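None of the figures in this text is laboratory data; all of them are computed from the coordinates on show. Everything quoted here is computed from the prediction, not taken from an experiment. Glycine also receives a Cβ, built like all others from the backbone with ideal geometry; neighbour counts cover every protein chain displayed.
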Amino acid sequence: MFATIEAFAAEWESEAKLTDRVLSALTDDSLQQAIVADRRTLGTLAWHLVTSLRYMTALGLDFEAGEQEQPDRAVAIAEEYRRICSAMLEAVRTQWCDASLKETQTIMGEEWGNGDSLRFTLMHQAHHRGQITVLMRQAGLRPPEIYGPTYESWVDKGMAPLA
Ligand code: NI
């Protein structure tokens, strides 16, 4: 869990940058790429990264939820992602203090500290971001580096990539 707002803010800003890098690499056509037939697509997963942040308002944070409908254009999803990431962080910074992170709320029938909810939100984003990078490959796109080199970046450096 997070004990201070600024510890969360620092991690959130760097993680949001990584997610933005992924979303900004999507193309409109790639949004149709499905995990398997009739399951989530790259587009629905990318939009889920935006819409899931709205759940933070259930914790008492007040910020603009934005459009409900998933945009057709990848650039619009990335743009809305950047907006809601900043709006959510601004709400945490201005509406909560470090003591708020120890307060608990009932989430899915359990008592969650707000600091735990912030951690969950970060991990949830990373989870779906990982799914998205796999779908990017299936859609023929080059995934950006996240926590380390990709297959292509090893090749670019003239090194033998791990298969
Ligand atoms: Ni999810």
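Sorting 23, 42, 122, 89 by the number of Cβ atoms found within 10 Å of their own Cβ, with the fewest placed first, yields 122, 89, 23, 42. Once the C-beta distance of residue 93 and residue 137 is scaled by a Förster radius of 25 Å, the resulting FRET efficiency is 0.10 to the nearest 0.05.
Taking a sphere under 15 Å around the Cβ of residue 5 and counting the other residues whose Cβ falls inside, with K and R at +1 and D and E at -1, yields a net charge of -4. Charge tally around residue 151: other residues with Cβ under 12 Å, Lys/Arg +1 each, Asp/Glu -1 each, net 0. Sequence-ordered 3J(HN,Hα) estimates for the range 32-38 from the Karplus curve with 6.51, -1.76 and 1.60 and θ = phi - 60° stand at 7, 5, 9, 4, 9, 3, 6 Hz, glycine and proline given as x. Seen through its C-alpha gyration tensor, with square-root eigenvalues sorted a ≥ b ≥ c, the range 15-89 comes out prolate because a/c lies at 1.5 or above while a/b is bigger than b/c. Each of 104, 121, 150 was scored by other Cβ atoms within 10 Å of its Cβ. Arranged with the fewest first, they read 104, 150, 121.
The stretch between residue 123 and residue 1 holds 42.8 nm of extra length on full extension. This uses 0.36 nm per residue minus the Cα-Cα distance. At what distance in angstrom do the alpha carbon centres of the range 42-82 and the range 129-151 lie from each other? The distance from the Cα centre of the range 42-82 to that of the range 129-151 comes to 21 Å.
Subtracting the Cα-Cα distance of residue 34 and residue 10 from their residue separation scaled by 0.36 nm leaves 5.3 nm. Taking 0.36 nm per residue of sequence separation and removing the Cα-Cα distance, the residue 153/residue 58 pair yields an extension gain of 30.1 nm. Normalised by the number of residues in the chain, the average gap of Cα pairs under 8 Å and 6 or more apart makes the relative contact order 32 percent. For the range 11-77, the relative contact order comes to 38 percent (Cα pairs under 8 Å, sequence separation of at least 6). Can you give the angle from 0 to 90° between the axis of helix 114-138 and the longest principal axis of the chain, with both taken from C-alpha atoms, to the nearest 10? Helix 114-138 sits roughly 10 degrees off the main axis of the chain.
Per-residue ellipticity at 222 nm, computed for the chain from helices alone with -39500 (n - 2.57) per DSSP H run of at least four residues, works out to -17000 deg cm²/dmol. Note on the chain: GNM, Cα springs under 10 Å; of 153, 117, 24, the largest mean-square fluctuation is that of 153. Ranking of 132, 84 by neighbouring Cβ atoms within 10 Å, starting from the fewest: 84, 132. How many angstrom separate the Cα center of the range 1-16 from the Cα center of the range 83-114? Measuring centre to centre over Cα atoms gives 12 Å.
For the range 13-21, 3J(HN,Hα) computed residue by residue from phi via the Karplus equation (6.51, -1.76, 1.60; θ = phi - 60°) reads 5, 6, 5, 5, 5, 5, 5, 4, 4 Hz, glycine and proline entered as x.
Rg/Rh for the range 5-156 stands at 0.99; both radii use Cα atoms, and Rh follows the Kirkwood definition.
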